[in-house]
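Written below as structure tokens is the structure these notes are about.
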Amino acid sequence: MSTILQCVACLGLLGAVLSCAPRYKGPVSDHFDGKKFFNPGMPERSSGGVLKWLLNRDKGPWPDQPDAYIGPRPAARIEGDSLVVTFVNHSTFLLQTNGLNILTDPVWSERVGPTSWLGIKRHRPPGLKFEELPPIDVVLLSHNHYDHLDLPTLKKLVKAHNPLFVTPLGVSYLPKSVGGRITKELDWGDTLRVNDKLTLTCTQAQHFSNRGLGDREETLWAGYMLDTSYGLTFFCGDSGYGPHFKKIAQQTSGKPIKLALLPIGSYRPEWFMAPVHMSPAGAVQTLLDLNAEQAVGIHFGTFQQGDDGLFEPVTDLKKALQEKKVDEKQFIVPTEGKAMVFN
């Protein structure tokens, strides 16, 4: 690369890294100090830990799989009380029930990052073609990290479907920047009645937020509890394992959680990742803490972020299920593009 091109690349990188979100303004709470959000009871990770990890990385193998299975066009609508769940990639799922089509943390880009050329590339294609999506009604965004909130994908969704976007505190400026329709931003514990078919509650997660170096912890991270005619479905978002899952189970007014979408990837090295990314063993314990009837794994198999290899999450999940004596059928490892029906 020429010196000029190197300078241009460096300037682009610097601009992306220094970019920051508008600072959220709101009342002080048990997870917001007036300037930044934080995880109650958990110390902030130090920059020294990040440096130690980056200097001592031991990545497992991640072979590209460009010919991985891509599923057929989904049904336009699923009527009735059944829930049809299709894994697209990473934390992107299509949820269909009672005539509603919902997407979680949608990502269809080839790379996720500040620019189209600077970011983490995917190793497997999306399990559904974007052009074959059914009409999308609601998009749930768990936080502002690039692998969960991909602006090029949101822009395409606005143009093709004009869905309603649901975000935690401080995050709505991103979908708004591409013309997205927004509800009010949600704090942990807030409930939103989207329509007579869907009520959702914003739930606590143990994670962090930033889009650059200048906006760390200035927007909230969260999960969502969806209440539909199918029953309660929990989308965890991105989270480390913690005591908040038992609290979430206690906040359902005795209504059982029928399905939980739980992260199982980006967990190695655990000494560094555990506070913000649960391991497969943590996901199994979360299933038990939630007392959920069934779980589906998310946040694996697409982007190499942690040091775990492409196949480690599935292998370690099976070990954890055996150790906890949980039936493997209770915790499903989904295949991209293949619809799963829950009754």
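Binning the C-alpha pair distances of the range 256-343 at 5 Å intervals from 0 yields a P(r) profile of 3, 15, 27, 25, 18, 9, 2, 0 %, listed from the shortest bin outward.
What's log10 of I(q)/I(0) for the range 62-163 at q = 0.10, 0.14, 0.21, 0.24 Å⁻¹, Debye sum over Cα points only, no solvent? Log-scaled intensity ratios, in q order: -0.27, -0.53, -1.13, -1.40. The charge dipole of the chain, taken about its Cα centre with unit charges on the Cβ atoms of Lys, Arg (+1), Asp and Glu (-1) only, comes to about 440 debye.
At 1.4 Å probe radius, can you tell me the per residue accessible area of the chain in Å²?
Details: 14990 Å² over 343 residues.
Per residue, the chain has 44 Å² of solvent-accessible surface.
Dividing the helix sum by the residues of the chain, where each DSSP H run of 4 or more adds -39500 (n - 2.57), gives a mean residue ellipticity at 222 nm of -6000 deg cm²/dmol.
Within the range 218-256, find all residues whose amide N lies under 11 Å from a label point positioned 7 Å from the Cα of K197 along Cα-to-beta-carbon. Answer for the range 218-256: 229. For the range 82-140, the relative contact order works out to 32 percent when only alpha carbon pairs closer than 8 Å and six or more residues apart are counted.
Just for the chain, what percent of DSSP beta bridges are antiparallel, to the closest 5? Here the share of antiparallel DSSP bridges comes out near 60 percent. With a/c under 1.5 counting as rounded, go ahead and sort the range 297-338 into rounded, prolate or oblate using the C-alpha gyration tensor (a ≥ b ≥ c being the square roots of the eigenvalues; past the cut-off, prolate if a/b is larger than b/c, else oblate). Taking the square roots of the gyration eigenvalues as a ≥ b ≥ c, the range 297-338 is oblate.
Could you give the size of the charge dipole of the range 199-285 about its Cα centre, using +1 on the Cβ of each K and R and -1 on the Cβ of each D and E, expressed in debye and rounded to the nearest 20? Mind showing how you got there, number by number?
Values: 7 positive and 6 negative charges, 55 e Å.
For the range 199-285, the charge dipole is close to 260 debye.
To the nearest Å, what is the center-to-center distance of the range 288-343 and the range 80-133, using C-alpha atoms only? One Cα centre to the other: 17 Å. Dipole size of the range 17-102 about its Cα centre, with +1 on Lys/Arg Cβ and -1 on Asp/Glu Cβ: approximately 440 debye, rounded to the nearest 20.
In percent, what relative contact order does the range 167-264 have, based on Cα pairs under 8 Å that are 6 or more apart in sequence? If you can, show how the numbers build up before the last one.
Working: 173 pairs, mean separation 21.3, N = 98.
RCO, the range 167-264: 22 percent.
According to the square roots a ≥ b ≥ c of the eigenvalues of the Cα gyration tensor, what is the shape class of the range 174-301, taking rounded for a/c under 1.5, prolate for a/b larger than b/c otherwise, and oblate for the remainder?
On the way: a/c = 1.86, a/b = 1.03, b/c = 1.81.
Oblate.
Across the options C202, V296, L192, the greatest Cα extent toward the positive end of the charge dipole of the range 175-323 (unit charges at beta carbon of Lys, Arg, Asp, Glu) belongs to L192.
The values are calculated or read from the model by the stated rules, or taken from the named source; none is laboratory data. If you're wondering where the values come from, they're calculated on a predicted model, not measured in any experiment. Here the Cβ is made from the backbone with ideal geometry for all residues, glycine too, and neighbour counts use every protein chain on show. These accessible areas exclude ligands, DNA and RNA; they are computed on the full protein's heavy atoms, side chains included. Shrake-Rupley method; radii C 1.70, N 1.55, O 1.52, S 1.80 Å.
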